[in-house]
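Read through the structure below, which is laid out as structure tokens, and then see the notes.
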Amino acid sequence: QVQLVESGGGLVQAGGSLRLSCAASGSIFSAKSMGWYRQAPGKERELVAGISNGGTATYADSVKPRFTISRDNAKNTVYLQMNSLKPEDTAVYYCAASPVSIVLIERIASWGQGTQVTVSS
């Protein structure tokens, strides 16, 4: 099992930036891919960005090219740099780890506790 701890959420004005961090511990070798999902009130949880062990990244169309996902394997940490934030980016952001592709939500093995991102207009 992989344990995930997120940090970096907060309140920002539209057009601003935030960087989320997700520190992983435990059975890191089982996490083939990691990424970020988000869930806004009344909406389903959706994939924001994912990155494989090999560094291949995938993004939701709604965040291209504003968001960038990266990972530091030495620190077992995944980052999400969010620029040009919009009010519609407001949601709870969850870090996730999967033994397969991160886009398969039903196969997510570990979730973080979530961090709130609020973008004011």
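Is it fair to say LEU85 is at negative phi, open to solvent by less than 40 Å² (accessible area, probe 1.4 Å) and not in a loop (DSSP other than H, G, I, E, B)?
When the stated conditions are applied, LEU85 does not pass them.
Out of segment 8-40, which residues are open to solvent by 50 Å² or more (accessible area, probe 1.4 Å) and in a loop (DSSP other than H, G, I, E, B)?
Of everything in segment 8-40, those that are open to solvent by 50 Å² or more (accessible area, probe 1.4 Å) and in a loop (DSSP other than H, G, I, E, B) turn out to be ALA14, GLY15, SER17, LYS32.
Could you figure out which of (1) touching a residue at least 40 places away in the same chain (Cβ under 8 Å); (2) more than 16 Å from THR115 (Cα to Cα); (3) surrounded by fewer than 19 Cβ atoms within 10 Å (Cβ to Cβ) isn't true of ALA57?
Tallying (1) touching a residue at least 40 places away in the same chain (Cβ under 8 Å); (2) more than 16 Å from THR115 (Cα to Cα); (3) surrounded by fewer than 19 Cβ atoms within 10 Å (Cβ to Cβ), ALA57 fails exactly one: (1).
Run down LYS43, LYS75 and say which single residue is closer than 23 Å to SER120 by Cβ, exposed (fewer than 14 other Cβ atoms within 10 Å of the Cβ) and of a type in the set (Lys, Arg).
None of the other options fit; the residue is LYS43.
Looking at (1) under 15 Å from the mean Cα position of the chain (by Cα); (2) at pLDDT below 95; (3) not in a loop (DSSP other than H, G, I, E, B), which is the only condition LEU47 fails?
(2)
Pull up segment 70-94, narrow it to residues that are hydrophobic (A, V, I, L, M, F, W, C) and either closer than 13 Å to GLY10 by Cα or within 14 Å of the chain's Cα centre (by Cα) (or both), then point me to the one that is modelled with the lowest pLDDT.
Filtering segment 70-94 for residues that are hydrophobic (A, V, I, L, M, F, W, C) and either closer than 13 Å to GLY10 by Cα or within 14 Å of the chain's Cα centre (by Cα) (or both), the one modelled with the lowest pLDDT comes out as VAL78.
So VAL5 fits all but one of (1) in contact with a Gly (Cβ under 7 Å, 6 or more places away or on another chain); (2) within 30 Å of SER121 (Cα to Cα); (3) open to solvent by less than 60 Å² (accessible area, probe 1.4 Å); what number is the exception?
(3)
The values are calculated or read from the model by the stated rules, or taken from the named source; none is laboratory data. Just so we're clear, the structure is a prediction, and the values are computed from it rather than from any experiment. Reconstructed Cβ throughout: ideal geometry from the backbone, glycine too, with neighbour counts over all protein chains shown. Accessible surface is based on the protein model in full, side chains and every heavy atom, while ligands, DNA and RNA are left aside. Shrake-Rupley method; radii C 1.70, N 1.55, O 1.52, S 1.80 Å.
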